[in-house]
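The values are calculated or read from the model by the stated rules, or taken from the named source; none is laboratory data. The model shown is predicted, which means the values in this text are computed figures rather than measured ones. Don't worry about glycine lacking a Cβ; one is built from the backbone with ideal geometry, like all the others, and counts go over all protein chains shown.
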Amino acid sequence: MARKTEYNQLPPEHNGQASIENNEHDNKRESDMIMLTGSAVNDHRVTLFNMFSQAYFYYILFLSCVRVVDGNCDRDTGPSGVTECFLDSSYYKEYQWGTCITNVYMQEKSGGKYHCRDSTRTYCYYQCMLELHDVESGPVYDDCKCENGQEYTESNLTLPSRCYSPSGADCSWYRDCLETKFKCSGTEDDYAMAFATKFCDLYSQNYQDFSQDGQQWIDAVRKCLQVSLVQTLRPYLPFTCEDVKRIAFDSHTPCYVKPIPESPSISVCNLDASDYFSVFWTIQSSLKTSTDSSLRTIRSMFETLKQCTVSFLSSFSFDGPVRLVKLKLKYFFIFGRRRRSNSDDKMNILNDFVDSMAYTLHWQENEVLWFSDPEISLNISASSETYIDIFLTDRYVYDLDVKNTTLPSNLNTTINEFMEMTQTGDLNGNIAGFSIKILLSQGCLDASCDTLLFNVTANDNDIRKKGVKGDGSMFFSQFDDYGC
């Protein structure tokens, strides 16, 4: 593997391993085989360059007489997935696993930082320390370490070779590769397949519904999501379904914001409202959002958009097919009930409360989709006030799976009924040991709620006499068709 230092020469026996890109002058780390060509240096560095250029010339003569040892990783045919234990003594102190993969995959996985030392190779070994830890030298961590001569007998090369260098265009990759290895389907950690497969299918099944920018972004993200999970297929790593879920979660934000590092214009921050909401609401309606994994998945997509410095959201008007309602709530723990003690529990309770309101207001039957975004304080107390944003949309407009099979909803009627029932206190209630009271409801015309359509203060009614009740979970069985 090439070093960051400009003057190290490449050991001939490792010519089939990874190298590093140089960002110092042209944002590209050149291979050590290329040396200092094109670099701007001070006079004393130019002198060093001349000295090393001569050494490099004789090194090339020597290299032409040396046979490069690449094990079972053929430069042209691979195959992807071959695992071998070797020592890169120039940069690491111990033996480590390496996996034969394509040069294309290596560059995609590393965001362009690493590539095969020999740029003419299609395949080369990717060192475990680079792939898993982005560590270029020094000791080898336990999860990458192996012994001289050790072979991994429990090889998973029964997986198709395409599993190790996914194109992103093949949505069956999750079933044929990830599910074949981990068998997560039907468990609480199977979200990676459910969400990512749905996202992947958006491109192939609804291509014509997106603008050119939207098509490019979806195509790039679905490949990024697959590439981020390839490491879980390594036979020497004891990953579980929970690990797969964690790695998938961690890949969301970088894949949304910059799925192709060298093409920063392809980003969720640059999508228009139609493209973003079509993706968001179609996926949201297909997942069972009663599960923590699904809630976290949808929330990460929305939170990423909110964190963009510039996006359509800052100028979007919520007076059309997407509406925004802000509630001010007061909630407290009922005496004698076990107090929930962390922000995730509060998040789930408040989401359950919104789902229970949706059930009472018949949003599902009226073809209305909703998404709640609670404001959660890190301070846990027995009684708190907080705000929650509720986004509503006409399922007919943005759910691409049912766009031509359902009738439009009437959001004006939905909003009016919601406003009236929040004012009368009919939507207050008890959820899983919490008493929740709506203090204020606002109809927002912009994301920051600076311009209001309505501003209604709720009546001071006794929560115990009316409103929704339950532990929240009872409502989710009603929404299996829509995942809401």
(Q) Can you tell me how many residues within segment 83-102 are crowded, with 22+ Cβ neighbours inside 10 Å and within 20 Å of Ser167 (Cα to Cα)? (A) 3
Q: Give me a count of the residues in segment 297-332 that are closer than 24 Å to Asn366 by Cα, touching a residue at least 12 places away in the same chain (Cβ under 8 Å) and assigned to a loop (DSSP other than H, G, I, E, B).
A: 3
Q | For Pro259: the one exception among (1) crowded, with 19+ Cβ neighbours inside 10 Å; (2) assigned to a helix (DSSP H, G or I); (3) of a type outside the set (Val, Ile, Thr) | A | (2)
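Just to be sure before I move on: is Ser372 modelled with pLDDT under 65 and not in a loop (DSSP other than H, G, I, E, B) in the structure I sent?
Numbers: modelled with pLDDT under 65: no; not in a loop (DSSP other than H, G, I, E, B): yes.
So Ser372 fails the test.
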Q: Restrict the check to segment 198-205 and report whether at least one residue is of a type in the set (A, V, I, L, M), assigned to a helix (DSSP H, G or I) and farther than 19 Å from Ile260 by Cα.
A: no
Q: Taking only segment 237-256 into account, find how many residues are of a type outside the set (Val, Ile, Thr) and surrounded by 18 or more Cβ atoms within 10 Å (Cβ to Cβ).
A: 7
Q. Does Ser293 satisfy being in contact with a Gly (Cβ under 8 Å, 6 or more places away or on another chain), part of a helix (DSSP H, G or I), within 22 Å of Phe353 (Cα to Cα) and at pLDDT below 90?
A. no
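Answer yes or no as to whether Tyr114 is within 22 Å of Thr77 (Cα to Cα) and in contact with a Gly (Cβ under 7 Å, 6 or more places away or on another chain).
On the way: within 22 Å of Thr77 (Cα to Cα): yes; in contact with a Gly (Cβ under 7 Å, 6 or more places away or on another chain): no.
When the stated conditions are applied, Tyr114 does not pass them.
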Q: With the checklist (1) under 30 Å from Phe210 (Cα atoms); (2) modelled with pLDDT under 90; (3) in contact with a strand residue (DSSP E or B) (Cβ under 6 Å, 6 or more places away or on another chain) in hand, flag the one item Glu385 doesn't pass.
A: (1)
